[in-house]
Amino acid sequence: MILTPNIAVHTLFGKILFVLLDLIIGFLLEKTLVMTKTSTEKERVVLIAVWLLNPLSINVSTRGNAEAIISALVICCLFCILKNQLVLGSFIFGLAVHVKLYPIIYSYAILLYLGNREKPFSDRSRHSFPIRIYQDGILPLFGKKQLLFFVISAGTFFLITGILYILYGYEMIYETFLYHLVRSDHRHNFSVQFYHIYLSTVSTIEISPIKVGSLLGLVAQAFLIGAISISFNKTLDLCFFLLTFAFVTFNKVITVQYFIWFIALLPLALKSSDVLKTRTSVLLGLGLLFFWFTTQGVWLYFGYRLEFLGENVFHNLWLASLAFFLANIS
């Protein structure tokens, strides 16, 4: 529906829309950085340039991918929550989850943030692990603000989804949500699980080691989402970045578009770190960035040989995926 003007108006409508949304994301990042008061004006210029001048974000939007829409919604939701505009933030969150399902990973952190925001810091290191989990990961979930966030965001999600279901039927539900549960991309996929997915397409065993491996990947994602949300929810902008990066890194499908999800949040994460504070840390950051792009280049080389030349380089491509995975977790 959003891209209907591509037909009625001009074929470049979508690309122009996504580029404009890239600029809106830059504007929202600047507003968020100013609000948090953790960076100077010079630092903000550098941080926003990380997004606006990033070749990946430029390429993805100008080639017609709509990731700028969901990234703008996520950052707008984050800005509203940090500014204590809970009703608007809850509405935008429900809309974001409808547009693309993955922002649901932020819900636990938001609920914990709302429960912990006005509580003074207390040292709980002397408490046992189960008590700390209860105090930090369960107790903050309950309160008026948490209930308001849940009701508005869930209500928005189900209202929009219900209207579109009436208009388009089961096909909309399947293509938008259920498809991701059975999706099996064994091409154009940076994930270490791509080879397992490829082998599972010819497997006749109902419970195979390959399928168990995919299940373990989901368990790892769930564990990381819980651990990151509990540990970093008081610094919600950094928490959003870490959740997105961990989710993408351990996902069974990774494409270039997915990188936009965390690159859009990278300026907010950098202002909370020491990467830009000293020359040594800057050089270390550049070194890690070089490692990240180099492993991508190796993967693309073997991906080209597999998909364009038809060569049997599955093992090489899988090793390249492992190297890229190491670059991410490093």
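Between Thr40 and Thr280, the distance separating the two model label sites (each 7 Å from Cα on the Cα→Cβ line) works out to 2.1 nm. Using equal-weight Cα scatterers in the Debye expression, the normalised intensity of the stretch 234-286 in log10 at q = 0.12, 0.22, 0.28 Å⁻¹ is -0.31, -0.85, -1.03. The stretch 1-118 has equivalent-ellipsoid semi-axes of 27, 20, 11 Å, by the square roots of 5 times the alpha carbon gyration tensor eigenvalues, sorted largest first. Taken over the stretch 284-329, the percentage of Cα pairs per 10 Å bin, counting from 0 up to the bin with the maximum distance, is 31, 45, 19, 4. The C-alpha radius of gyration of the stretch 57-106, expressed as a fraction of 2.2 N^0.38 Å, stands at 1.21. Here are several values of Cα extents along the principal axes in Å: (1) 60, 52, 48; (2) 86, 53, 41; (3) 75, 42, 34. Which one was derived from the coordinates shown? So the calculated entry is the one marked (1). Backbone phi angles across the stretch 281-286, fed through the Karplus curve with coefficients 6.51, -1.76 and 1.60 (θ = phi - 60°), yield HN-Hα couplings of 5, 5, 5, 5, x, 5 Hz in residue order; Gly and Pro are listed as x. For the stretch 26-147, the number of Lys pairs separated by eight or more positions or lying on different chains, with C-alpha atoms closer than 25 Å, is 15.
Per residue, the accessible area of the chain comes to 55 Å² when a 1.4 Å probe rolls over the protein heavy atoms.
The values are calculated or read from the model by the stated rules, or taken from the named source; none is laboratory data. As the structure is a prediction and not an experimental result, all values here were calculated from the model. Every residue, glycine as well, gets a Cβ built from its backbone with ideal geometry; the counts of neighbours run over all protein chains shown. Calculation scope for accessible area: heavy atoms of the full protein, side chains included, ligands and nucleic acids excluded. Shrake-Rupley method; radii C 1.70, N 1.55, O 1.52, S 1.80 Å.
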